[in-house]
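No value in this document is a laboratory result; all are computed from the given coordinates. Nothing here was measured: the structure is a model prediction, and the numbers come from that model. We place every Cβ from the backbone using ideal geometry, glycine too, and count neighbours over all the protein chains shown.
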Amino acid sequence: MNQKTVLLAEDDASIRLIVNQTLVTAGYTVRATSSPEALERWVRNGEGDIVVTDVYLTDTPIFELLPSFKLVRPELPVIVMSGQNTILTAASAAQHGAYDYLPKPFDIDQLTDLVGRALNDTKPAAAAAAKKSTSDTTSTGLPLVGRSAVMQDVYRIISRVMNTDLTVLIEGESGTGKELAARAIHDLGQTRNGSFHSLDLASRPAQDVSAELFGTEGQPGIAFDAEATIYLDEVGDLSQEAQTQLVKLMREEGGARIIASTRQPLSALVEAGDFREDLYYRMNVVRIEMPPLRRRKEDIPELVKAFLIRAEARGLSQKQIAQPAMDLMMAYDWPGNVRELENLIFRLAALSPDSTISQRDIERELRAETLKELSPEASLESEIETLLHRYVMADLLKGEEQGEKIYQSVLEQVERPLIKLALSVTSGNKLRTAALLGVNRNTLRARMTVLGMTED
C-alpha cells in the first residue's frame, strides 16, 4: 500500500508541529507550510492526497483558494480547521466543497480519524462526482480538466469572477470547452442556485432567440430573471435586432448574468460593421481565452484518463491506453481540440474489441479523420502545389539565381516534418522509422544530422 501524503497548511507553528508529528506517527507523509502560495503550488502540481488547512493563512482565507483547487483537482479532499467557530465559517466550508470542518480546539485523534475517513472515501466520492457530472451536464461532458500553465490562467480568472455579476466574454476555437468554462462560473459561484440557459445562436432563428431572451406578450423572457445565467454561444451570430435589445437590457440593473462566447474575435466583427461597438464593450468586461489543445498537449494524458472514466460510467467497457498510442496522440495537433479527443476516446471505448487501445487503433482513427477533412478531388500533390504557390511563388519570380537555394529549402522543409511525423508514429525508434520511410538507418541518421534534428 502506497503511503499517503498530507498537505498541511497552518500559520501557527506550535499547532503545525503537533499535527505534523501526529500524522507522521499515524503513517502518513506530511508536507507542511504556512504559505498559501506554497499550498496552491503543491495542489496545482498534483502533489498530495489530502489537504488539511487552517481557514486563514497569513491574510489569505482558504475559501479564496478552494474554487481553483476544485477546478484543478475535484477529487482532492480538503479538511478545514478554524478557531472562528461560527455557523458562517462552517457554512462557507460546506459551500466551497470542503470534505469536513473541524473547529479548534480539537482532539488530535479526531483529526487523524477524519483524515483516514476522507482518504478512504476519495475513490467513491470521485466516482459519485463523475456520475453527477454525467447526469448534470449531458451536453457538455466533464468539468474542466488540465494542469497546464495556460489552463491555470483560465482557472484563476474563473475563480475571481464566479462570485461577481460581471459580464464574461469567452473566446476560443470550436471544441476548446467554452461552455464548460461558462458552466463552471455558474455552478461554482453565487449564481449556482439559479438557472443556467445555453442558447446556440448559430443554429436558431433570430426571432426564437429574441422571444426566449426578451419574452412575448404575457410571457417574460429569461433575460429579466436576476437569478439566471444566460450563456450566449457564438454571440457574433446574434441578429442586429437582438443586439439592440441586449444593449438596452444591459443598461438596466437586475437582469440575468450574461456570459458570451465566440470562435471569431468580436473586434473584427465590429470593424466589419456586423456587431455593435457599444455591445462589444459591454460584453468585453472580463475576457477568458480558452487555449486550443495543441497549446496544452501536456494535458492530453489527464484528459484521456478522464474521458475513459466517463465512458465507463456510461456503461462502456473499461479500457486502457498503450503508451505508444498515447505518444501518437501527444504528437497530433487536434484541429477539433478537446471535443475531437473526447469523441475519439468514446468511439474507441465503444468499438475497440481489446481492453487496451493500441497505437494501431489511434493511427486508424486519425487517418480516417484526416481523410474526411480532404475534399474528394484533393491529393497530396495538389495540396503541396497550393502551398508552393502561397509560399514559394514570390521567390521564384525574383530570378533564376535563387533557384538552387529555393529547391534545397523546400526539400528540407518537407523532409523535416516528414521525419518528425514518422518518428512520432514509431515512438522514436530509428530502425522502424527508417523502414517506414523506405531508407536505411544510416541514411536516416545522416539526413537528421544535416537537418539539425537531435538524436535523442
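Okay, here's what the table says:
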read-out	value
Positive-pole candidate from I158, L266, A256, dipole of region 149-290, charges at beta carbon	I158
For region 221-335: relative contact order, % (alpha-carbon pairs under 8 angstrom, 6 or more apart)	23 percent
Inter-centroid distance (Cα atoms) of region 210-224 relative to region 226-272, Å	15 Å
Protection proxy ranking, peptides 96-104, 277-285, 49-57, 210-218, average beta carbon neighbours within 10 Å, highest first	49-57, 96-104, 277-285, 210-218
Net charge of neighbours whose Cβ lies under 12 Å from the Cβ of L188, counting Lys and Arg as +1 and Asp and Glu as -1	+3
Highest to lowest packing among 237-243, 191-197, scored as the average C-beta count within 10 Å	237-243, 191-197
Net +/- balance of residues flanking D11 in space, Cβ distance below 11 Å, scoring K and R +1, D and E -1	-3
Interchain or long-range residues, amide H under 5 Å from A32's placed H	L8
Whole-Hz couplings from phi, Karplus 6.51/-1.76/1.60, listed for region 146-155; x for Gly and Pro	x, 10, 5, 4, 5, 6, 4, 4, 4, 4
(1) 21.2, 64; (2) 21.9, 68; (3) 26.9, 87, with the label sought being that of the calculated Rg and Dmax of the Cα atoms in Å	(3)
Residue-span extension gain [A331 to R445] - 0.36 nm each, minus C-alpha spacing	39.0 nm
Spacing of the two label points (7 Å from each Cα toward its C-beta) at E412 and S239, in nm	5.7 nm
